[in-house]
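First comes the structure, then the notes that go with it.
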Amino acid sequence: MKACDELGISFRTLQRWRDESTPLEDQRPHAKRSEPINKLSEAERKEILNTCNQVEFRSLPPSQIVPILADRNIYIGSESSFYRILRANNQQHHRGKSKEPNVRPISTHSATGPNEVWMWDITWLPGPAKGVYYYLYLILDLYSRKIIAWEIWKEESAHNASVLVRRGIMSEKRSVSLKPLVLHSDNGSPMKGASLLETLYTLGITPSRSRPRVSNDNPYAESIFRTCKYRPEFPSKGFVTLDAAREWVLSFVRWYNREHRYSGLNFLTPEQRHTGKDKEIFESRRKGYESAKLAHPERWSGNIRDWSLDDTVWLNPERVRQEKNMDKLTS
């Protein structure tokens, strides 16, 4: 049964494979199948090919040929059939003076430890009156989700952002000689300002920005702002003063880093993950669960809970999974 679980098959499948009456090789390639009733005849395939090679149509794609034929009350085959037959005859190629489009995998960043990839963003906090706002600048670590640095100002500017980045470097005591740090953000004007870019180049930080008009390219930075504003004690009617806003955010950051058990970290606090205590804590949790299972095995239908985390964290994990799945399909 353990071998079946490892292979991802049922025990009944294994029994069927071991049956002497079951052929050793796959019989599907040898099966006799009737031709589909909607299959084009050889004459129809030749007609489609000849039509595409006519002087009138030879510079047009099937997406334009088929409607033109439809205007003349002529139907030979569907648009997809045209494309399929052209490809089968090696006649479907890129044409024109423009370069052939390249399909490149969507790039994303990954981290195998703290202070390798930071994400930052700005959000507004309600002020003492309608239309008055304070701006919260915040840097988040991708690997641990720890809030590295934050500040609140009355305006958005690249200068304020550069001050925040320097503060984050100093608080983490990060050396410039280490592996280059990536700082990811969206495409707002403070993120692209000259003073911030000069600071990043001076500190050896690689800037990274989201694709234009793609709102989910910086998901963790957006998520933490939601967590902040949905706290029960968040003053939805606004902060009376700038100092009051800073005092409240300071309390939130302490709670988030030291007390909040993040579901994406398998319920560690960001500080525990950032300081490398995760393996020790997970080992302790595993031992506790194993002891509980030994004490009452009848209460457990399978393995104990998985107390672990991936060693590599991706900025856009969904895209990575899709690329891995595509690799499996093409391999």
Part of a helix (DSSP H, G or I), in contact (Cβ under 8 Å) with a residue 40 or more places away in the chain and either touching a strand residue (DSSP E or B) at 6+ places or on another chain (Cβ under 7 Å) or over 23 Å from SER110 (Cβ atoms) (or both), is that true of ALA245? yes
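With the requirement that a residue be of a type in the set (Asp, Glu) and in the same structural domain as LEU125 (by TED's automatic domain parsing), what does the stretch 223-261 give you?
If we filter the stretch 223-261 for residues that are of a type in the set (Asp, Glu), which is where we start, we get 233, 243, 247, 259.
Of everything in the stretch 223-261, those that are of a type in the set (Asp, Glu) and in the same structural domain as LEU125 (by TED's automatic domain parsing) turn out to be GLU233, ASP243, GLU247.
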Mind checking whether some residue in the stretch 274-297 is under 20 Å from the mean Cα position of the chain (by Cα) and at pLDDT below 95? no
Please find, among PRO128, PRO190, the residue that is at pLDDT below 95 and either in a loop (DSSP other than H, G, I, E, B) or polar (S, T, N, Q) (or both). PRO128
On the given criteria, is ARG319 closer than 28 Å to ILE139 by Cα, at pLDDT below 90, surrounded by 12 or more Cβ atoms within 10 Å (Cβ to Cβ) and within 26 Å of the chain's Cα centre (by Cα)? yes
Working only within the stretch 261-273, note down all residues that are in contact (Cβ under 8 Å) with a residue 24 or more places away in the chain and either over 29 Å from the mean Cα position of the chain (by Cα) or closer than 23 Å to LEU136 by Cα (or both). TYR262, PRO270, GLU271
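Just for the stretch 1-54: of the residues that are part of a loop (DSSP other than H, G, I, E, B) and among the basic types (Lys, Arg), which one is modelled with the highest pLDDT?
First, pick out the residues of the stretch 1-54 that are part of a loop (DSSP other than H, G, I, E, B): 1, 8-10, 19-27, 31-41, 53-54.
Subset that is among the basic types (Lys, Arg): 32-33, 39.
Values: LYS32: 81, ARG33: 81, LYS39: 86.
It comes out as LYS39.
Quick check, is SER144 crowded, with 18+ Cβ neighbours inside 10 Å, over 24 Å from ARG254 (Cβ atoms) and among the polar types (S, T, N, Q)?
Details: crowded, with 18+ Cβ neighbours inside 10 Å: yes; over 24 Å from ARG254 (Cβ atoms): no; among the polar types (S, T, N, Q): yes.
For SER144, the condition - crowded, with 18+ Cβ neighbours inside 10 Å, over 24 Å from ARG254 (Cβ atoms) and among the polar types (S, T, N, Q) - is not met.
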TRP150 passes all but one of (1) in a helix (DSSP H, G or I); (2) surrounded by 15 or more Cβ atoms within 10 Å (Cβ to Cβ); which number fails? (1)
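Is it the case that the stretch 202-222 has a residue that's surrounded by 20 or more Cβ atoms within 10 Å (Cβ to Cβ), in the same structural domain as ALA244 (by TED's automatic domain parsing), in a strand (DSSP E or B) and over 20 Å from the mean Cα position of the chain (by Cα)?
Within the stretch 202-222, one or more residues are surrounded by 20 or more Cβ atoms within 10 Å (Cβ to Cβ), in the same structural domain as ALA244 (by TED's automatic domain parsing), in a strand (DSSP E or B) and over 20 Å from the mean Cα position of the chain (by Cα).
Of all residues in the stretch 154-187 being of a type in the set (S, T, N, Q) and in a helix (DSSP H, G or I), which is nearest to PRO114 (Cα to Cα)? Reasoning before the result, please.
Here is the first cut: in the stretch 154-187, the residues of a type in the set (S, T, N, Q) are 157, 160, 162, 171, 175, 177, 185, 187.
Going one step further and asking which of them are in a helix (DSSP H, G or I), we end up with 160, 162, 171.
Details: ASN160: 24, SER162: 21, SER171: 13 Å.
Filtering the stretch 154-187 for residues that are of a type in the set (S, T, N, Q) and in a helix (DSSP H, G or I), the one nearest to PRO114 (Cα to Cα) comes out as SER171.
The values are calculated or read from the model by the stated rules, or taken from the named source; none is laboratory data. Because the structure is predicted, anything quoted here is derived from the model rather than measured. As a convention, Cβ positions derive from the backbone with ideal geometry for all residues, glycine included, and neighbour counts pool all protein chains shown.
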